Amino acid sequence: MAPVEIQVNGALHTVDADPTTPLLYILRNDLALNGPKYGCGLGECGACAVLMDGRAVRSCRVPLQTAAKRPVITLEGLASGGTLHFVQKAFIEEAAAQCGYCLNGMIIAIAALAMQNPGASEAEIREALRHNLCRCGTHIEILAAARRALG
Ligand code: FES
């Protein structure tokens, strides 16, 4: 089993693990990056989302080998030089959290949308968040934060 080299938040890491290991496990257990959350482990909830090649992906369903040499950005990597990403700021300004467990996925989804479609419409924002689950029902505040970030 050859070590796998991954690039996370701009840093290269050599990981000695089964190449089929879910990227989420590597991020949390090996790299101590706990922004991505384990929700369902089935690609259904979005809590584990990260950016890969600028797109939101569900890291519980991405094998380590798929992430090799592709730029991965986690919630921690969105902030830069001690300054929060504008999507993170918008979520704070709108108090868009209750338990907060889903917020990683919500923020990553909106950060990806901001890169791909910075002038996204309300319908496009809703579509981008459609497969991200929030059990607390904080959807009104989450949508307000997304509108603030993209406005
Ligand atoms: Fe990955 Fe739910 S934990 S989608």
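The values are calculated or read from the model by the stated rules, or taken from the named source; none is laboratory data. If you're wondering where the values come from, they're calculated on a predicted model, not measured in any experiment. Reconstructed Cβ throughout: ideal geometry from the backbone, glycine too, with neighbour counts over all protein chains shown.
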| request: May I ask you to list the residues in the stretch 114-151 that are in a helix (DSSP H, G or I) and closer than 21 Å to residue 40 by Cα? | output: 127, 128, 129, 139, 142
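Please enumerate the residues belonging to the stretch 108-135 that are more than 16 Å from the ligand (Cβ to nearest atom) and of a type outside the set (Gly, Ala, Ser).
Those that are more than 16 Å from the ligand (Cβ to nearest atom) and of a type outside the set (Gly, Ala, Ser): 110, 113, 115, 116, 117, 118, 122, 124, 125, 126, 127.
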| Criterion: hydroxyl-bearing (Ser, Thr, Tyr) and crowded, with 23+ Cβ neighbours inside 10 Å - qualifying residue of 59, 80 | 59
| task | Restrict the check to the stretch 78-95 and report whether at least one residue is under 11 Å from the mean Cα position of the chain (by Cα) and either away from the ligand (no atom under 13 Å from the Cβ) or not assigned by TED's automatic domain parsing to the domain that holds residue 23 (or both). | result | yes
| query | Restricting attention to the stretch 7-33, and to residues there that are of a type in the set (S, T, N, Q) and exposed (fewer than 14 other Cβ atoms within 10 Å of the Cβ), which single residue is farthest from the ligand (Cβ to nearest atom)? | reply | 14
